[in-house]
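The values are calculated or read from the model by the stated rules, or taken from the named source; none is laboratory data. Not measured: the values here are computed from a predicted model. Ideal geometry is used to build each Cβ from the backbone, glycine not excepted, and the neighbour counts take in all protein chains shown. The area values use the complete protein model at the heavy-atom level, side chains included, leaving out ligands, DNA and RNA. Shrake-Rupley method; radii C 1.70, N 1.55, O 1.52, S 1.80 Å.
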Amino acid sequence: MKQILIAGFGGQGVLFAGKLLANAGMIEGKEVSWLPSYGPEMRGGTANCSVVISEKQIGSPIAVDPDVLLCFNLPSFDKFEKTVIPGGSIIADSSLIEREKTRDDIHEYRVPATKLAADNNIEGLANMILIGKMIKETGICSRDAVTQALHKSVPMRKKDMTEYNLKAIGIGMEI
């Protein structure tokens, strides 16, 4: 079982990233849960979601002791770093999070996702760059499952963004 906590500000694609992972897990035939949590402001307020992917039935949908923290901003990094299990990983957007982890018992992958998105003319897709990095480093799900999940998850009104999302995932997997 893998517990993933994705955290950042509303509008950074936190909830979409979690939904994408949950769909990828389902495509691979696994048990999954996706539990969003956000403040009343939504866009600009805090947002996080728990994703649990397991071979067995899931007892709780909350990632209390996450194996992976996918972190999009400093307030979330400060709040959730301590919750990652020993041996777990933090994947952080170093464009927005200047400080490094304070613990020696976890792995940290620092990715300048916001900068990479801007440099590649895919602003707003830092979340997908971080998803690509997470897939590469943790093997939580396959790239093929994420690609299939992306086609399922992107709403019709944003279907033109599918190729840009795939490009962003690829950038994350190459880092």
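What region 135-175 shows is 57 Å² of accessible area per residue, with the surface traced by a 1.4 Å probe over protein heavy atoms. So for region 1-98: antiparallel DSSP bridges make up what percent, rounded to the nearest 5? Here the antiparallel bridges make up roughly 65 percent for region 1-98. Between the labelled values (1) 42, 41, 33; (2) 40, 38, 35; (3) 58, 35, 34, the entry that holds Cα extents along the principal axes in Å as derived from this structure is (2). Highest mobility in the GNM of the chain, judged by mean-square fluctuation with C-alpha springs under 10 Å and restricted to I62, I90, I131, is found for I62. Among E81, E163, E108, whose mean-square fluctuation peaks in a Gaussian network model of the chain (Cα, cutoff 10 Å)? Most flexible of the set in this elastic network: E163. Largest to smallest in accessible area, the residues T102, T46, T138 fall in the order T102, T46, T138 (1.4 Å probe, all protein chains included). Taking square-rooted eigenvalues a ≥ b ≥ c of the alpha carbon gyration tensor, is region 42-103 rounded, prolate or oblate, where a/c under 1.5 means rounded and, failing that, a/b exceeding b/c means prolate? Taking the square roots of the gyration eigenvalues as a ≥ b ≥ c, region 42-103 is oblate. Once the chain from L35 to Q148 is taken as fully extended at 0.36 nm per residue, the excess over their C-alpha distance is 38.6 nm. A straight line joining the Cα centroids of region 1-62 and region 117-167 runs 15 Å.
Counting 0.36 nm for each residue step from S54 to K158 and taking away their Cα separation leaves a gain of 34.5 nm. Counting heavy atoms of the protein chains alone, R110 has an accessible area of about 70 Å² for a 1.4 Å probe.
Normalising the average separation of contacting C-alpha pairs (under 8 angstrom, six or more residues apart) by the number of residues puts the relative contact order of the chain at 22 percent.
For the chain, the carbon plus sulfur part of the accessible surface works out to 52%, probe radius 1.4 Å. Roll a 1.4 Å probe over the protein heavy atoms and report the accessible area of C49 in Å², nearest 10. Result for C49: roughly 0 Å² accessible.
Between L96, L125, L150, the GNM of the chain built on Cα springs shorter than 10 angstrom shows L96 fluctuating the most.
Annotation: the antiparallel percentage among DSSP beta bridges lying fully within the chain is about 55. Placing pseudo-labels 7 Å out from each Cα toward the beta carbon at K79 and E100 gives an inter-label distance of 2.6 nm.
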